[in-house]
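For reference, the structure discussed in these notes is given below.
The values are calculated or read from the model by the stated rules, or taken from the named source; none is laboratory data. Note that the structure is predicted; figures quoted are calculated from it, not measured. Glycine gets a Cβ as well: all are built from the backbone with ideal geometry, and neighbour counts include every protein chain shown. Please note that ligands, DNA and RNA were not included when accessible areas were found on the heavy atoms of the full protein model with its side chains. Shrake-Rupley method; radii C 1.70, N 1.55, O 1.52, S 1.80 Å.
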Amino acid sequence: MMAWLPGCFLCRVLLVWVGLSAPGLAVEVKVPSEPLSAPVGKTAELTCSYSTSVGDNFALEWSFVQPGKPVSVSQPILYFTNGQLYPTGSKAERASLLQNPPTGGVATLKLTDVRPSDTGTYLCQINNPPDFYTNGLGLINLTVLVPPSRPACSQSGQTFVGGSAALRCSSSMGAPKPVYNWIRLGASPTPSPGSMVQDEVSGQLILTNLSLASSGTYRCVATNQMGSASCELTLSVTDPSKGRVAGTVIGVLLGLLFLSVAVFCLIRFQKERRKRPKETFGGSDLQEDAMAPGVSEQPLEREDSSNGLLERPSSASTVTTKSKLPMVV
């Protein structure tokens, strides 16, 4: 093992000497060390410079990789080779070189009308055989700045006296990611700090030990370096004890109403019942079985069941009325 190490060191020295004595130069690519940013809709310039002896084999490539993905899956944006520029991919219509042809040591990329999907890592790579590489690749991180979209406000929890509620706020767009701040509107006093905790990153506001004074309108403001947007919601805190008292009062009133209706119906029924005999036997009506004075009751004719004829009563039972007229001789 000890005998191998000096040999390896000797090989390295030999390779360096061969490289320095070769006719080509080292390819050196320089890019900004700090991440770049550009407002949405504007033009971004991704600076890239190089040093090499440009020859017939000189080639330049710009490529792009989305955030969180490895460089090995980068997508090409444009090529420059054999003296020709070849834009490609989804950004072809918006991508160009600051200097074309890029043979003067400047390979800066211009990207117009930048969009949120342009956020990611850009690779500037120079290939120029027989020049050997020392740093032929440069990486640039670009962030497209987007103002926060109008956030959505929501609430959950037990919104009664003594309960707890959670107010939430979130913007679907915004770069860099916005921070959130909740404020209480109106002249009502702000809840005490001990009962109000908010998270500026998640946009959540926790309200504990609610009281009737906690009711009101709350506004959430989402902010980043491009601007701000807000939403509002109204929190209504109720008192369960007052609800029970109100329910009891309503129940008593309904009971009294039903009782009054029942008494009214009973009284009216009694009055109607007392009026019925007077209407049936009024003073102007005659009874069906009443007879004139001095006239005896006549027996009714009977029907002979044998011959179907009416049988008159016998003469013995006939009442004769004496005439008071004078007899003429």
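Ordered from largest to smallest accessible area (heavy atoms of protein chains, 1.4 Å probe), the residues 168, 274, 219 come out as 274, 168, 219. Phi angles of the range 258-269 translate, via the Karplus equation with coefficients 6.51, -1.76, 1.60 and θ = phi - 60°, into HN-Hα couplings of 4, 5, 4, 5, 5, 5, 4, 5, 5, 5, 5, 5 Hz per residue; Gly and Pro are given as x. One way to sum up the overall shape of the range 86-232 is the equivalent ellipsoid from its Cα gyration tensor, whose semi-axes run 52, 15, 11 Å, largest first. The residues neighbouring residue 105, those whose beta-carbon lies less than 15 Å from its own, together hold a net charge of -1 under the Lys/Arg +1, Asp/Glu -1 convention. When a 1.4 Å probe is rolled over the protein heavy atoms, the share of accessible surface on the range 61-220 that falls to carbon and sulfur comes to 52 percent. Listed values for the range 114-131 are Karplus-derived 3J(HN,Hα) couplings in whole Hz (6.51 cos²θ - 1.76 cosθ + 1.60, θ = phi - 60°), namely 5, 10, x, 6, 7, 5, x, 10, 10, 10, 10, 10, 10, 10, 8, x, x, 4, and x replaces Gly and Pro. Quick one: go through the range 152-175 and flag any residue whose amide nitrogen is under 13 Å from the point 7 Å out along the Cα-to-Cβ line of residue 233. Backbone N within reach: 152-159, 165-171. Listed cross-link partners 42/69; 30/110; 30/177 are compared with a 22 Å cut-off, the Cα-Cα value being larger for 42/69; 30/177. Each residue of the range 51-90 gets 87 Å³ once the volume of the Cα convex hull is shared out per residue.
For the range 50-166, the orientation-averaged shadow of the C-alpha convex hull comes to 11.2 nm² (one quarter of the hull surface).
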